[in-house]
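The values are calculated or read from the model by the stated rules, or taken from the named source; none is laboratory data. Every value quoted in this text rests on a predicted model; they were computed, and no experiment measured them. Cβ placement follows ideal geometry from the backbone for every residue including glycine, while neighbour counts extend to all protein chains displayed.
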């Protein structure tokens, strides 16, 4: 009888855990979101409402088809970034985000995690952990 109870419990967990995963989701793979930004990552099956383009420090808002980007101390919201076409910008590597506030609220943290030179699979948060040296320690890089 004991082994049957264990089997039923294991079966129940196998049925419940995938449902939790779909409800809360996992971050989209391949971008190496750091712990502080993983809550802003789109969940599997969703594309996010913004894409950040590190090379331009610009966020493309998919619904409005506008770019949000810093210009000095102000933020611009326009269909292009400076003298670049939307096609040029969107052809560069971008990181999807699901933001519940304007990008300016998260920009300092996002910019640090995804610098101008970032490419998918080559970010500092995609590095594996090495014993005695942590790739997560940003100050000792």
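At-a-glance table
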read-out	value
Number of positions in segment 51-69 that are closer than 14 Å to residue 85 by Cα, in a loop (DSSP other than H, G, I, E, B) and either free of Cβ contacts under 8 Å to residues at least 12 places away in the same chain or touching a strand residue (DSSP E or B) at 6+ places or on another chain (Cβ under 8 Å) (or both)	1
Qualifying residue in segment 42-64 (condition: surrounded by 15 or more Cβ atoms within 10 Å (Cβ to Cβ) and modelled with pLDDT under 75)	yes
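Conditions tested, residue by residue: (1) surrounded by fewer than 17 Cβ atoms within 10 Å (Cβ to Cβ); (2) touching a helix residue (DSSP H, G or I) at 6+ places or on another chain (Cβ under 6 Å); (3) within 21 Å of residue 34 (Cβ to Cβ); (4) at pLDDT below 90.
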| residue | (1), (2), (3), (4) |
| --- | --- |
| 77 | yes, no, no, no |
| 88 | yes, no, no, no |
| 104 | yes, no, yes, no |
| 117 | yes, no, yes, yes |
